[in-house]
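First up is the structure itself, then whatever we jot down about it.
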Amino acid sequence: MFLFSLYGLTHYIVTIYKSVYWGAVLYVNFTPLYLLSGPFLYFYVRNSLTDRYELSRKDLLHFIPFVVHAIGLIPYLFSPFSEKIDFIKKLYASPELIINAQVNTFFDTNENFIIRLSLLIIYATVNIFFIHRYSRKKLNSVISLEKKQLTLRWLYLLNGFVLALVFFYGLFIVKLNQFPGNVFSLFNDSLLYATAACLALILISLLVFPHILYGLPVNNGLSKEKINDTSENKRKSSALVEEENDPYFLDLKKQIEDYLNQDKPYLKKQFKMADLIVNIGAPQHHISYCLNYYFKKSFPELKTDYRMSWSKKELLNTYNSHTTIEGIAEKAGYSSKSAFYKTFKDYTGLTPQEYQKQVSFTND
């Protein structure tokens, strides 16, 4: 999505805004990166289906087009910025240069367009095949059937949108070759608006169904503690179970709770999601899924819950001692007194002093 957005931003700068400076910065310089859109799409789909989150040595082969294109662009990339400024000025004065100018040693502009769009078609088509093959298998995902089907539909739609984007943009390239002198008017063509609509639908679907970003988690076991045989047999006895009762995530939830209760890492100022990943030994997307659907909280909310619970106990324990509220705030992992006061007031509806007095009065 970043690469698509960067490409769209470059189009806007060059064709609408027509900034000489930003045109020299964005135009051509990032074209090798656009050849990574296909591989990144493939890695996302494959890792979502297989519940993997790493790359192998063989995956480096997917970067060959990017490397070749980058090598061919070296003379332009290392040319003085003043020359790039001059090139952009000539481009604005003679729009047909978009088609005729050759800044890459190996490819001209048309060949670059063809390679880029062809790779996207190949990767999207392969992805659809893999999704179809996966959907026909009776695999035991640890999310509910409804969420699994929704995720598979999302993967289908994502690749379908990419193919539609390639189709509309391909038609635009054909028109651009037919009428190179009208390039700036063509950039307001309805075909480009159609490609923008495809990108917008992808982003909207992410906002409406955020769980699709977790892929299709599979129980591969945890590094610290194996799921017991009873739970494993229970899992195998059913093709799919509701995620609220899945033994894998219930076990993961218990490990997170044990870690938080015993080690109290939330008292550290720099306590982050990475600490959970390292100490629990589970993939980040598994932990994120567990927090959202089992704890019903985000990581910041969970951290605040534990910090506030600890702080309330300390406020009562130190009500008649020499420990200051500022001292408790620092021990609770807050970098300032004001941040602690605000969080405590939002969480309890009371200031720390009011909480001390209210609870003390109730106990008396």
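The values are calculated or read from the model by the stated rules, or taken from the named source; none is laboratory data. Bear in mind that the values here come from a model prediction, so they are computed numbers and not experimental data. Glycine also receives a Cβ, built like all others from the backbone with ideal geometry; neighbour counts cover every protein chain displayed.
Does residue 268 satisfy being surrounded by fewer than 15 Cβ atoms within 10 Å (Cβ to Cβ), more than 21 Å from the chain's Cα centre (by Cα) and assigned by TED's automatic domain parsing to the domain that holds residue 254?
Details: surrounded by fewer than 15 Cβ atoms within 10 Å (Cβ to Cβ): yes; more than 21 Å from the chain's Cα centre (by Cα): yes; assigned by TED's automatic domain parsing to the domain that holds residue 254: yes.
Taking the combined requirement at face value, the residue satisfies it.
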Inset, instruction - Test residue 131 against the criterion of being under 13 Å from residue 50 (Cα atoms), modelled with pLDDT of 80 or more and either assigned by TED's automatic domain parsing to the domain that holds residue 88 or over 24 Å from the mean Cα position of the chain (by Cα) (or both), and give yes or no. - result: yes
Inset, instruction - Can you give me the ranges of the helices (runs of 4 or more DSSP H) entirely in the range 254-364 with at least 3 residues that are free of Cβ contacts under 8 Å to residues at least 24 places away in the same chain? - result: 273-280, 299-317, 325-331, 337-348, 352-363
Inset, instruction - Please state which of the following conditions residue 61 fails to meet, knowing it meets all the rest: (1) in a helix (DSSP H, G or I); (2) surrounded by 14 or more Cβ atoms within 10 Å (Cβ to Cβ). - result: (2)
Legend entry - Residue tally, condition in a loop (DSSP other than H, G, I, E, B), acidic (Asp, Glu) and over 24 Å from residue 65 (Cα atoms), over the range 78-118: 1
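Within the range 281-297, can one find any residue that is under 30 Å from residue 246 (Cβ atoms), among the charged types (D, E, K, R) and at pLDDT 85 or above?
yes
Checking the structure you have, find out if any residue of the range 84-98 is more than 19 Å from residue 179 (Cβ to Cβ), within 35 Å of the chain's Cα centre (by Cα), among the aromatic types (Phe, Trp, Tyr) and assigned by TED's automatic domain parsing to the domain that holds residue 22.
no
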Legend entry - Residue tally, condition touching a Phe, Trp or Tyr at 6+ places or on another chain (Cβ under 9 Å), of a type in the set (Gly, Ala, Ser) and over 30 Å from residue 46 (Cα atoms), over the range 80-131: 1
Inset, instruction - Look through 70, 124, 93 and report the one residue that is under 23 Å from residue 209 (Cβ atoms) and among the aliphatic types (A, V, I, L, M). - result: 124
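With the condition kept exactly as written, say whether any residue in the range 89-99 is farther than 30 Å from residue 167 by Cβ and either among the polar types (S, T, N, Q) or surrounded by 15 or more Cβ atoms within 10 Å (Cβ to Cβ) (or both). Step through it out loud before you land on a result.
Looking only at the range 89-99, we keep the residues that are farther than 30 Å from residue 167 by Cβ, and these are 89-90, 93.
Then drop every residue that is not either among the polar types (S, T, N, Q) or surrounded by 15 or more Cβ atoms within 10 Å (Cβ to Cβ) (or both), which leaves none.
Within the range 89-99, none of the residues are farther than 30 Å from residue 167 by Cβ and either among the polar types (S, T, N, Q) or surrounded by 15 or more Cβ atoms within 10 Å (Cβ to Cβ) (or both).
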Legend entry - Checklist (1) in a helix (DSSP H, G or I); (2) within 20 Å of the chain's Cα centre (by Cα); (3) of a type in the set (Ser, Thr, Tyr) applied to residue 53, failing item: (1)
